[in-house]
Amino acid sequence: MLNIGNLTASQFIQRNMSNQIKEITESTQRLSSGKRVNSASDDPSSIGPISRLNAQVLSLGEAISNGAEGKILTQTADSGLSSINNLLARIRELAIQGGSTTLTTADRNTLQVEIDAYLTEIDSLTKLINFNTIKLLDGSSDNVSFLVGENKDDNISINLVKSDSTALGLSGASGVKEFTSGRVTGFTYNSSNLAASDIKINSQNALAATLTDNLSSGNNTARALVTAINANSNNHGATATGFNKLTSAAKSPLTMSNTFTVNTNVISIQTSLENLVTEINQEAAGVTATLNSDNTITLSNTTGNDIVIGGNAPTDAGFTAGTYLGYLKLANVDGTFVKIEAMTKANGYASNSGNIDDLARFGFNEVDSSTVIRSDLVSTNALTSSHDIKINDVDIGASDSASAAAKAIAINAVSSSTNVTASGNNIVTLDINVGEASSAGSNISINGIAINFSSVTNTTETITAINNVLSLGSDIIASANSDGDVELTSASGADIIITHAGTAGVFIDAHTDATGATISVAGGGSSVTFKGQILLTHTAGDVIKISGDDIGELGFQAQASSSASTPGSIISVSTSSNATSALTSIDTAIDTIANTRAKFGASENTIDHRLSFLLNAKTNSTSRLSKIEDADFALETARLTKAQIMSKAASSMLAQANANGEVFLRLIN
């Protein structure tokens, strides 16, 4: 049957032709882009994996770039350290040269100039060597890290090591080159009160043996202490000298009613200060008298021997009868900075064998290599305007209380004039018996606050019980020290008061103050007040002078004077002995640089291994992405060819189908 209502053949051909055109379009898209999936509709199930793999490949690429930067950093640091190593090798060569005893002073001065120049260059290099503005060797940064991986935890951390001449132990930081004591204290020493190791000079024993001499007043204490210190100079590297001085009150005009004595030598009546000075210098052996511009007279010696004033009328000449012990002066043989301290746990030693009181009898405060001076425990008196206390010749005013914290505030009130800042510190160590916690209950109070220990079973719970209460309005914090004991610390130097309402020794068996001294445990409601210490620091690293009649209120000894403290080389070739001794420090510095280079080298190798893994991971991810996303050119070419052929055939058939209309026209005609 012939009809025109439904051209079935034409429609069929058109539909197939449309399909072939779609096939051609898809194939041409895939062939032109190289991608099998060009839009989400091409393969909806593959869009998720493609997106994730694409992000992974890009992240891995950036991680590889980060790793490359890390390698550049380590190579930069290693290059700088190599230059420093070369300078150290030359310094060692110069020290070897300085070990010869045939060199003149001029020769040694020339060697020293060259050594100092190389040390300065080492310091300059550590400031110059940087990566993207980060200085690598000057100690300003402890470490850097690079994210060498696709995950947040894939960091590689590289430790940066301070490598200047000070860190290498070849130069000294600001410190005290010549430290002068206050007046020494007479004391009877025996085998139990001052061991050779109780006082440390430059971290070594101050004495060669236990001190057992009777050095009470009248026995030339300072001179004897000089001998004891110098007996161990070969180990601690310092030399002690003694001296003494005593200045009279001003007397003008001089009116003497009777004679007086200096070291048992009779000084006759004189009518003028000038004549009195002459008389003393003639009659008093071992003492030099000097007339000062303010009409006072200073008696002095260079031995440290006692100066004894007596006789009938010493006050007429401005002197007060008494035995005046001498002073000590410490200086390192090689010209480096002196460090003197007690052997205590607070100073990094294994035990509290020594005590700051041992130093006080020598007339010294604790002084470290950066001129920080530590006091003994402060007194129980608040400072008042009547106290005679001076720091760098500036009077210190009153304090609000007797605590180290309050006295530090008083010192800081005049810091603009003294250039000295103070900070307080207090530490109390508790030796506890946890098994007695339930018996202690709430009987123990700290600074008036009762603490319930009844349920604690270990040190950690004890610390928590204390901190839960004291943290409210107090800077006293409990923590465990290296021995497992409980420590109470106050960073401000506040007083720490412990009260035990129960039996003494229950739960707290003993406690130790900030100087390492053991203090008896009180009971029955009695309190023990632990005073703090004061640390003084000069804002410019310079010397600190402490003087006045009442400096004991701060826990300090009079500190007469010290030389200016400036950084400088501690490598000396001034003598053959110094030069050969310096080799140990130089070799240690060379080993330190070698170890630091090894660390950077290990970091570079670590990065290399990580990069190798990441490159493989990126290759695998890219390959996987390609299999999912990329077009199969052979398949797509075949499909395109087939679609093109079918499209052309469909066009021809459509033309023939359309030609069938001629039959209808002939019938009509």
Hey, among the residues in the stretch 220-239 that are open to solvent by less than 70 Å² (accessible area, probe 1.4 Å) and within 19 Å of residue 324 (Cα to Cα), which one's farthest from the chain's Cα centre (by Cα)?
-> 220
Go through 68, 117 for me and flag whichever is small (Gly, Ala, Ser) and open to solvent by 50 Å² or more (accessible area, probe 1.4 Å).
-> 117
Can we say residue 369 is of a type in the set (S, T, N, Q), modelled with pLDDT of 85 or more and either on the phi > 0 side of the Ramachandran plot or part of a loop (DSSP other than H, G, I, E, B) (or both)?
-> no
Considering residues of the stretch 71-103 that are assigned to a loop (DSSP other than H, G, I, E, B) and open to solvent by 70 Å² or more (accessible area, probe 1.4 Å) only, the residue nearest to residue 143 (Cα to Cα) | 101
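Per-residue answers, yes or no, for (1) buried (at least 24 other Cβ atoms within 10 Å of the Cβ); (2) at pLDDT 90 or above; (3) on the phi < 0 side of the Ramachandran plot:
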| position | (1), (2), (3) |
| --- | --- |
| 375 | yes, no, yes |
| 388 | no, yes, yes |
| 395 | no, yes, yes |
| 405 | yes, yes, yes |
From the list 626, 612, which residue is open to solvent by 30 Å² or more (accessible area, probe 1.4 Å), over 35 Å from the mean Cα position of the chain (by Cα) and modelled with pLDDT of 85 or more?
-> 612
Across the stretch 448-500, the tally of residues that are in contact with a Ser or Thr (Cβ under 7 Å, 6 or more places away or on another chain) and on the phi > 0 side of the Ramachandran plot stands at 2
Return yes or no: is residue 249 small (Gly, Ala, Ser), open to solvent by less than 20 Å² (accessible area, probe 1.4 Å) and at pLDDT 90 or above?
-> no
Go through 202, 151, 130 for me and flag whichever is modelled with pLDDT of 85 or more and farther than 30 Å from residue 538 by Cα.
-> 130
Looking at this structure, is residue 588 within 26 Å of residue 99 (Cβ to Cβ), without any contact (Cβ under 8 Å) to a residue 60 or more places away in the chain and either open to solvent by less than 70 Å² (accessible area, probe 1.4 Å) or under 29 Å from the mean Cα position of the chain (by Cα) (or both)?
-> no
Kindly state which strands (runs of 3 or more DSSP E) lie completely within the stretch 386-497 and contain at least 1 residues that are under 15 Å from residue 530 (Cα atoms).
-> 420-432, 444-446, 476-480, 486-490
Subset tally (residues that are in a loop (DSSP other than H, G, I, E, B), touching a residue at least 40 places away in the same chain (Cβ under 8 Å) and among the polar types (S, T, N, Q)) for the stretch 504-554 | 2
How many residues are surrounded by fewer than 20 Cβ atoms within 10 Å (Cβ to Cβ), closer than 28 Å to residue 385 by Cβ and among the small types (Gly, Ala, Ser) when one looks only at the stretch 497-552?
-> 3
Hits in the stretch 277-290 - residues which are open to solvent by 60 Å² or more (accessible area, probe 1.4 Å), not in a loop (DSSP other than H, G, I, E, B) and not polar (S, T, N, Q) | 283
Somewhere in the stretch 32-42, is a residue at pLDDT below 90 and among the hydrophobic types (A, V, I, L, M, F, W, C)?
-> yes
Somewhere in the stretch 180-195, is a residue surrounded by 18 or more Cβ atoms within 10 Å (Cβ to Cβ), small (Gly, Ala, Ser) and within 22 Å of the chain's Cα centre (by Cα)?
-> no
For residues that are open to solvent by less than 30 Å² (accessible area, probe 1.4 Å), within 16 Å of residue 506 (Cβ to Cβ) and among the small types (Gly, Ala, Ser), scanning just the stretch 433-488, find the one that is nearest to the chain's Cα centre (by Cα).
-> 465
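The values are calculated or read from the model by the stated rules, or taken from the named source; none is laboratory data. Because the structure is predicted, anything quoted here is derived from the model rather than measured. So basically every Cβ, Gly included, is an ideal-geometry build from the backbone, and we count neighbours across all protein chains shown. These accessible areas exclude ligands, DNA and RNA; they are computed on the full protein's heavy atoms, side chains included. Shrake-Rupley method; radii C 1.70, N 1.55, O 1.52, S 1.80 Å.
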